[in-house]
Amino acid sequence: SPTAGEVTIDQLPLREDLRGRSPYGAPQIDVAVRLNTNENPYPPPGELVDDVTDAVRAAAAELHRYPDRDAVALREDLAAYLSVATRVPLTERNVWAANGSNEILQQILQAFGGPGRSALGFEPSYSMHPIIAAGTRTEWLPAPRRADFSLDTEVAASLVAERSPDVVFLTSPNNPTGGSIPLGELEQVLRAAPGLVVVDEAYAEFSSQPSAATLLDSYPAKLIVSRTMSKAFAFAGGRLGYLAAAPAVVDALQLVRLPYHLSALTQAAARAALRHADATLASVARLASERDRVAEALTGLGFAPVPSDANFILFGRFADAPASWKSYVDHGVLIRDVGIEGHLRVTIGTPGENDAFLTASKEVPR
Ligand code: PMP
């Protein structure tokens with residue numbers, strides 16, 4: 001907040017529709033156990049760090065030049081990874097990359113949303129979807145989930161048909177609740193959608209469900225699958241998100257992307273990290289089994305964890321979730337208050353971090 005004599009935000013000629021809004025903000029607090037932003041708790045292996053360093057050093061020698069505007073080599077590498085991971089043959093023409101999947105989602109709404117257009121999402125879900133809609137002046141249409149946070153796709157499909165949004169967001173596994181949407185159910189929504197369906201698969205590597213990429217062939221003019229290297233790939237600090245779609249979607253996004261949006265350093269670092277995908281992704285199975293252990297332990301403590309297919313768990317109930325969140329911080333454990341009454345969300349960490357979380361869970365007020 002401004003000090004005396006400084007101009008305040010209210011004095012700026014800010015767009016009326018942005019006045020009074022809050023920025024996205026997971027608190028970045030320096031405590032011992034940080035389980036609040038769904039990162040991979042395992043730091044990159046030494047060989048990856050060395051390879052990234054070498055790649056960045058080589059790229060640094062060319063920093064007087066703009067990078068490859070189309071990031072073709074990186075998109076080829078991402079397409080190769082995704083083809084293996086999803087068993088759907090994809091080329092660089094199907095893949096687009098940006099600074100985190102947040103930028104991917106923003107580019108999608110810049111191209112396909114905007115004034116006079118709408119985007120629909122099933123809440124609670126990823127809080128950036130409505131924020132990016134607001135930033136691009138896309139009308140946001142919130143739609144409900146069941147009381148247990150799962151998605152009733154029959155209700156969803158009829159709502160989509162009725163409201164006719166230009167873009168539908170489906171998050172699978174859903175953040176912050178953790179459940180995935182089976183492909184058959186997802187297809188119900190796809191069939192009903194008059195416009196685009198963006199399946200946000202930020203946590204797909206942790207999920208037991210097949211990727212929506214399997215449906216790209218059947219719905220080339222409707223489906224976009226969004227992915228990120230921030231979670232399973234342990235590359236949150238590198239900022240690299242991507243999508244899979246028909247080549248025409250990639251062509252459309254070129255109309256709104258800033259030229260040279262992906263720096264030469266980002267492209268080089270991401271390609272080096274991808275060469276070590278096997279090592280990084282080895283943590284996925286470990287995290288999934290830790291997730292199941294933590295869920296079971298929470299149940300044993302009398303909590304109700306929501307079944308999760310991701311690397312986090314939403315759990316309740318608390319009489320006063322914000323007060324309990326604060327008590328966790330006092331116990332040296334940072335988790336997330338996602339604004340769902342009676343609930344908090346914990347990211348799965350290392351076994352030691354999870355134990356610290358479970359110990360604190362015995363002591364915090366309910
Ligand atoms: N989608 C979902 C569902 C997420 O949870 C996140 C990260 N919290 C993102 C997208 C964006 O992540 P990034 O920009 O790091 O790729």
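No value in this document is a laboratory result; all are computed from the given coordinates. Treat the numbers as computed from the prediction; the structure is a model and nothing was measured. All Cβ positions, glycine included, derive from the backbone under ideal geometry; neighbour counts span all protein chains shown.
Table for the structure above
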quantity	calculated
Residue tally, condition within 16 Å of Glu205 (Cβ to Cβ) and among the hydroxyl-bearing types (Ser, Thr, Tyr), over the range 261-300	3
Failed item in (1) free of Cβ contacts under 8 Å to residues at least 60 places away in the same chain; (2) buried (at least 19 other Cβ atoms within 10 Å of the Cβ); (3) of a type in the set (D, E, K, R), with Asp200 passing the rest	(1)
Filter result (part of a loop (DSSP other than H, G, I, E, B) and farther than 26 Å from Leu314 by Cβ) within the range 3-42	Thr3, Ala4, Gly5, Glu6, Val7, Thr8, Leu12, Pro13, Leu14, Arg15, Arg19, Gly20
The listed residue being more than 30 Å from Gly135 (Cα to Cα) and more than 16 Å from the ligand (Cβ to nearest atom), out of Gly5, Gly20, Gly46	Gly46
Any pair with Cβ under 6 angstrom, 6 or more apart, that starts in the range 336-357 at a residue that is without any contact (Cβ under 8 Å) to a residue 40 or more places away in the chain and ends at one that is of a type in the set (Val, Ile, Thr) and part of a loop (DSSP other than H, G, I, E, B)	Leu344/Ile335
Hits in the range 22-46 (condition: more than 21 Å from the chain's Cα centre (by Cα), surrounded by 12 or more Cβ atoms within 10 Å (Cβ to Cβ) and over 14 Å from Val333 (Cα atoms))	Pro45
Out of Arg145, Arg163, Arg137, sole residue that is at positive phi and in contact (Cβ under 8 Å) with a residue 24 or more places away in the chain	Arg137
Residue among Ala156, Ala147 that is more than 16 Å from the ligand (Cβ to nearest atom) and not in a loop (DSSP other than H, G, I, E, B)	Ala156
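Conditions tested, residue by residue: (1) hydrophobic (A, V, I, L, M, F, W, C); (2) in contact with a strand residue (DSSP E or B) (Cβ under 7 Å, 6 or more places away or on another chain); (3) farther than 15 Å from Thr171 by Cα; (4) within 14 Å of the ligand (Cβ to nearest atom).
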site: Pro210; (1), (2), (3), (4): no, no, no, no
site: Thr214; (1), (2), (3), (4): no, no, yes, no
site: Tyr219; (1), (2), (3), (4): no, no, yes, no
site: Ile224; (1), (2), (3), (4): yes, yes, no, yes
site: Thr228; (1), (2), (3), (4): no, yes, no, yes
site: Phe233; (1), (2), (3), (4): yes, no, yes, yes
site: Ala236; (1), (2), (3), (4): yes, no, yes, yes
site: Ala245; (1), (2), (3), (4): yes, yes, yes, no
site: Val249; (1), (2), (3), (4): yes, yes, yes, no
